[in-house]
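Reading through the structure tokens given below for one structure.
The values are calculated or read from the model by the stated rules, or taken from the named source; none is laboratory data. The model shown is predicted, which means the values in this text are computed figures rather than measured ones. Positions of Cβ are backbone-derived with ideal geometry, glycine not excepted, and every protein chain shown enters the neighbour counts. Just so you know, the surface numbers come from the protein's heavy atoms only, side chains and all, with ligands and any DNA or RNA stripped out. Shrake-Rupley method; radii C 1.70, N 1.55, O 1.52, S 1.80 Å.
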Amino acid sequence: MDWFAAVDIYCERTGPEFWSEPLNALSNLSFILAALWGWIEARKRGRTDLMTTILIVLAALIGIGSFLFHTFANAWSSLADVIPIWTFVALFVLVAIRRIGGVRPGRIGIGLAIVAGLVAILFAFGGDGSGSQTSTAPAATVEAHDHTAPANSLLNGSEQYLPAVLALLAFAALSHRTGHPIAPWIAAATGTFMISLTLRTLDMHLCEIWPLGTHFIWHILNGLMIALLFQGLIRSPIAKPG
């Protein structure tokens, strides 16, 4: 695999230049702001435990990794984008199961294994956190760029986020059923993610009528989603082990 092979899978990119995706790159500031707000609130409420701190750091790394991918736009920067995203998802699932559901650590391990398995399956079928599919899509190279060409798939790679959708829906249902104080935060985060995922899916399909694409809005809304998750997690009491 050529780690420096150019990748062009977003509507905004028109060439191999570093700043060919300015909106997609700069919109990653939303993740940094989400992390900063989370850290401020965590310190204010005395909730700077190890897991919360790691989640906040990972949120900032999502912004940095995605910035690298939308500027360098190659295979190695795709990994810088992917790894923080899925590490955050897996760890948040762990923490949420423990704090919202009061599930004991042994059962959490089983849940984490399931999440890891789903992610592994998605990677095996060519999906990654950025939707690049660089190893199998010749149209992904900058040299082959054409805004009139169809997207890599009908869903534009968004199917890889199915585990995240299922996790959010499960946590929304669980917190609502138990009357946990985090419920409105999870519901708002879930709604935000559904909108952002729709916009991510539409990005390449709308190039002809909207050359800037919609991927940068995916970043902004996902930053908001993470901020909502942090605020709910930090402001809510921890459930007792059941």
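Restricting attention to the stretch 201-217 and to residues that are in a helix (DSSP H, G or I) and without any contact (Cβ under 8 Å) to a residue 60 or more places away in the chain, the residue that is farthest from L29 (Cα to Cα) turns out to be H205.
Per-residue answers, yes or no, for (1) of a type outside the set (V, I, T); (2) open to solvent by 40 Å² or more (accessible area, probe 1.4 Å); (3) in contact with a helix residue (DSSP H, G or I) (Cβ under 7 Å, 6 or more places away or on another chain):
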residue: S158; (1), (2), (3): yes, no, yes
residue: Y161; (1), (2), (3): yes, no, yes
residue: A172; (1), (2), (3): yes, no, yes
residue: T192; (1), (2), (3): no, no, yes
residue: L197; (1), (2), (3): yes, no, yes
residue: R200; (1), (2), (3): yes, no, yes
residue: L206; (1), (2), (3): yes, yes, no
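Checked across the stretch 211-220, the condition of being open to solvent by less than 70 Å² (accessible area, probe 1.4 Å) and among the polar types (S, T, N, Q) holds for at least one residue. The number of residues in the stretch 19-44 being buried (at least 17 other Cβ atoms within 10 Å of the Cβ) and not in a helix (DSSP H, G or I) comes to 4.
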